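Q: Sharing a structure here in structure tokens format.
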Amino acid sequence: LRASPPRAAGGRMIGVALLVACGAAVLLAAFAGGSVAAGRRQHGAVSLDARVADDGGGMPAAVSASASSSPAASELVLAVSNQYTANWSSPLNDGYPWKYIVEPHSTTTLSVVGGAANSEFSWQVDGHTIHGDGATAVHKFGNRWYAKSYHVVVTEMRDGRPTRRFGTDVMCKYVRREIRSLTDDDRRAYFDAHQVMYTLSEDEGQEKYGPLFRSKDYFNRKHAGMPGCSAYHKGAQFIPTHMALTLEFEQSLQSVNPAVTVPYWDWTIDDAGLGGEWRTSLVFDQDWFGSADPANDDSVVDTGRWAYTPIMTKA
């Protein structure tokens, strides 16, 4: 998924993948297929007698109670949030077909809204109990490299007895964000994984991180190691080849740290705010990608994280 921050004044957003080995490449989010919730899994609360028929067992109907039997109770609704959601003007699922979206390896807060004031709640994800604190549970979903649907169930209880149960599916997907909107920790994790790809050889990396690891030399060869770069940069193949290259680059990063994604660079922010001085953008800070205009005759980044990083020649 691609998360879009507020627009820069006078600018139109264009997502650009940040690939040091490849330069600025157009980034389009790669969509992975996801399972569709079965028709029997309805959004909203059900009484436990209906729940027994739905889930095939559990607590007897004798202890079931309809929603109307709980004082000051309304329909149960799930709310999903993480460290990013409070800063966005639109929900994460805006424009996508899933009602609830969670991110892999990211701390997610699940909250139930609409319970009675004196109720307690228990939580399950795909049949496994997770720790909850009343109407709120904190959980990390462990999906990696592909979309996966999880089934979340919350049971409302009064006086130790279950009264209502709410079940719904949530889709777990990676989300790509504009690099400046990342938290300091997430941006640092991205650059740390990136630096591993620039430090280790292909053989060393695959021995340590698995077959999806690729070194910078691999991407140098693949992206620019052809006469005139014609295979990637002339004609209709430009967009799909760079989409595939970005996904392969991201999977290599995730072999090092499964929590990271490839952020994009919305250069219209710098165009609107800096104009011809775009080289002074925070993106080219010495602790980010390094100077776009180094003060030496060799045009070599000589300060910060990427100082004097060796690169392949004659790829």
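The values are calculated or read from the model by the stated rules, or taken from the named source; none is laboratory data. Fair warning: this is a prediction, and the values are worked out from it, not measured in the lab. Note that each Cβ is placed from the backbone with ideal geometry, even for glycine, and that neighbours are counted across all protein chains shown. These accessible areas exclude ligands, DNA and RNA; they are computed on the full protein's heavy atoms, side chains included. Shrake-Rupley method; radii C 1.70, N 1.55, O 1.52, S 1.80 Å.
Q: Residue check: is His223 open to solvent by less than 40 Å² (accessible area, probe 1.4 Å) and touching a Cys at 6+ places or on another chain (Cβ under 7 Å)?
A: Numbers: open to solvent by less than 40 Å² (accessible area, probe 1.4 Å): yes; touching a Cys at 6+ places or on another chain (Cβ under 7 Å): yes.
The answer is yes for His223.
Q: Next question. What are the pairs with Cβ atoms under 9 angstrom where one residue, in region 288-300, is under 17 Å from Ile311 (Cβ atoms) and the other, located anywhere, is open to solvent by 90 Å² or more (accessible area, probe 1.4 Å) and part of a loop (DSSP other than H, G, I, E, B)? Sequence gap at least six, or different chains.
A: So the pair list comes out as Ser299/Asp293; Val300/Tyr308.
Q: Which of the residues belonging to region 89-114 are within 14 Å of the chain's Cα centre (by Cα) and hydrophobic (A, V, I, L, M, F, W, C)?
A: Answer for region 89-114, where residues must be within 14 Å of the chain's Cα centre (by Cα) and hydrophobic (A, V, I, L, M, F, W, C): Leu92, Ile101, Val102.
Q: With respect to the numbered conditions (1) on the phi < 0 side of the Ramachandran plot; (2) open to solvent by 30 Å² or more (accessible area, probe 1.4 Å), which one is the sole condition not fulfilled by Gly235?
A: Failed condition: (1).
Q: What's the total number of residues in region 266-301 that are within 17 Å of Gln195 (Cβ to Cβ) and buried (at least 16 other Cβ atoms within 10 Å of the Cβ)?
A: Residues in region 266-301 being within 17 Å of Gln195 (Cβ to Cβ) and buried (at least 16 other Cβ atoms within 10 Å of the Cβ): 7 in total.
Q: Do any residues in region 136-150 that are of a type in the set (Lys, Arg) and in a loop (DSSP other than H, G, I, E, B) have Cβ atoms under 8 Å from those of residues that are open to solvent by less than 30 Å² (accessible area, probe 1.4 Å) and at pLDDT 85 or above, where the two are at least six apart or on different chains, and which pairs are they?
A: As it stands, the answer is Arg144/Pro104; Arg144/Gln254, since those pairs meet every condition given.
Q: Still on this structure, I have one more. So, in region 115-125, of the ones that are open to solvent by 30 Å² or more (accessible area, probe 1.4 Å) and farther than 13 Å from Thr163 by Cα, which residue ends up nearest to the chain's Cα centre (by Cα)?
A: Gln124
Q: Taking region 103-135, which residues are in contact with a His (Cβ under 7 Å, 6 or more places away or on another chain) and either of a type in the set (Phe, Trp, Tyr) or free of Cβ contacts under 8 Å to residues at least 40 places away in the same chain (or both)?
A: Let us first name the residues in region 103-135 that are in contact with a His (Cβ under 7 Å, 6 or more places away or on another chain), namely 108, 110, 125-126, 130.
Hits for region 103-135 are Thr108, Val125, Asp126, Ile130.
Q: Looking for something open to solvent by less than 60 Å² (accessible area, probe 1.4 Å), farther than 28 Å from Ser106 by Cα and under 24 Å from the mean Cα position of the chain (by Cα) - is there at least one such residue anywhere in region 245-262?
A: no
Q: For residues in region 164-212 being part of a helix (DSSP H, G or I) and among the hydrophobic types (A, V, I, L, M, F, W, C), which is nearest to Val153 (Cα to Cα)? Steps first, answer last, please.
A: Within region 164-212, the first condition is being part of a helix (DSSP H, G or I), and the residues that meet it are 179-181, 184-199, 202-209.
Now narrow it down to the ones that are among the hydrophobic types (A, V, I, L, M, F, W, C): 179, 189, 191, 193, 196-197.
Working: Ile179: 34, Ala189: 32, Phe191: 37, Ala193: 35, Val196: 39, Met197: 40 Å.
Among those that are part of a helix (DSSP H, G or I) and among the hydrophobic types (A, V, I, L, M, F, W, C), it is Ala189.
Q: Yes or no: Gly304 without any contact (Cβ under 8 Å) to a residue 24 or more places away in the chain, among the small types (Gly, Ala, Ser), out of contact with any helix residue (DSSP H, G or I) (no Cβ under 9 Å at 6 or more places or on another chain) and over 16 Å from Tyr198 (Cβ atoms)? It would help to see each step written out before you state the result.
A: Values: without any contact (Cβ under 8 Å) to a residue 24 or more places away in the chain: yes; among the small types (Gly, Ala, Ser): yes; out of contact with any helix residue (DSSP H, G or I) (no Cβ under 9 Å at 6 or more places or on another chain): yes; over 16 Å from Tyr198 (Cβ atoms): no.
Considered against the rule, which asks whether it is without any contact (Cβ under 8 Å) to a residue 24 or more places away in the chain, among the small types (Gly, Ala, Ser), out of contact with any helix residue (DSSP H, G or I) (no Cβ under 9 Å at 6 or more places or on another chain) and over 16 Å from Tyr198 (Cβ atoms), Gly304 comes out as no.
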